[in-house]
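Student: I have a structure here, written as C-alpha cells, and I will follow up with some questions on it.
Coordinate-derived values only; no laboratory data. For clarity, every value in this text was computed on a predicted model and none was experimentally measured. Note that we place each Cβ from the backbone using ideal geometry, even for glycine, and neighbour counts take in every protein chain shown.
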Amino acid sequence: MSTIDNAVLQSVNQTARNTQGASNSADLHTNFMTLLVTQLRNQDPLNPMENNEMTAQLAQINTVSGIESLNDTMQNINGQLESSKAMQASALIGRAVLVPGQRIMVGELAEGGLDVTPFGLELGNAAEQVTVNIFNESGMLVRRMELGALNQGAQSFAWDGTMDDGQPAPAGAYRFSIEAMNGEQPVTSEPLNYAQVIAVSTHHQDGPRLDLGGIFEPVRLDAVRQII
C-alpha cells in the first residue's frame, strides 16, 4: 500500500515557506496537489495508493484552508466592530456624560448664583440608604446629602452648591464620596464625574477614546455610564 511519504510532505512545506517568505493555504494546496499527482503517476501499479489515504491528506489541507478563511472572516468582523465603535464615539461629541470620577465643579454665573456640575453614582445592588459627602480642595466636609433608598445601576444627581451651614460654596473643584448601605451591610458603589465630550481619538490600540477636556484623562467608550 503506497502513501504520501515524509519527504513529499517536507517538500510541500518547504516550497510553501519559500513563497514570499511565508506559507498560506492556497500555495500549500497547489503544491500538495502537484506533488500528489506526480506521486500517483510514479506509484507502483502493483501497490497503488488507496482512496482513503488521499482523502485523509486532502482533508488536512482543507482544514488548514478553512482555518485561514475563518481567521480572515474574524479580522473583517473585528474591523467592522472597531469602525462601529468609532461612529458611536463620534456621536457623543458635544454631549455630556457620566464617567468614573469624584469631581464636582462649582462656578459663578455672570448674572449671579452658582453653576454646579451634576454628579452620579453607580450601585452594584439596590441600597436602603445612600449618603453623599462633598469635600472642598482642603479635604474639609462641606455638605452631607442624604439620598435615601436607591435602585441598582447608574443614576445622576444635582447639588445646589449650598454648604451645610447654608452658605453658597466658593467657586472651585470639589470631591465627593459615597456611603451606600443595606441595613448594616455596605453596598458596592462607584462615584461618577460629569464631563463633556469635545473630541474622539482613534489611534489607540484598544479602541477609540473620548477626549473630555484638559482636566480629565481620555476614556474608553465603555467607561460612559450615562449620557445626560
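Student: Can you list the HN-Hα couplings for region 143-157, worked out from phi with the Karplus curve (6.51, -1.76, 1.60; θ = phi - 60°), rounded to whole Hz and with x for Gly and Pro?
Tutor: 7, 10, 10, 8, 9, x, 7, 9, 7, 5, x, 8, 9, 10, 9
Student: So who's got an amide H within less than 5 Å of the one on ALA126, skipping anything under 5 residues away but keeping other chains? H placed 1.01 Å off N, in plane.
Tutor: GLN152
Student: Defining a contact as two alpha carbons under 8 Å apart and six or more residues distant in sequence, what relative contact order in percent does region 139-228 show? Don't jump to the answer; show the numbers that get you there.
Tutor: Details: 67 pairs, mean separation 14.3, N = 90.
After rounding, I find 16 percent.
Student: In addition: What are the ³J(HN,Hα) values, in whole Hz, obtained from phi via the Karplus relation 6.51 cos²θ - 1.76 cosθ + 1.60 with θ = phi - 60°, for each residue of region 158-175 in sequence order, with x given for Gly and Pro?
Tutor: Those phi angles translate into 10, 10, 7, x, 8, 7, 4, 7, x, 8, x, 6, x, 4, x, 9, 10, 10 Hz.
Student: Sticking with this one: Distance in nm between label sites at ALA126 and GLU190, each 7 Å beyond Cα in the beta-carbon direction?
Tutor: So the two model labels end up 2.2 nm from each other.
Student: What does the net charge come to around ALA154 if you take all other residues with beta carbon closer than 11 Å to its beta carbon, with K and R at +1 and D and E at -1? Numbers along the way, then the final one.
Tutor: Details: positive: ARG225; negative: GLU122, GLU190.
Computed value for this residue: -1.
Student: For the pair SER156 and THR38, how long in nm is the line joining their label points, each one 7 Å along Cα→Cβ?
Tutor: Result: 7.1 nm between the two label points.
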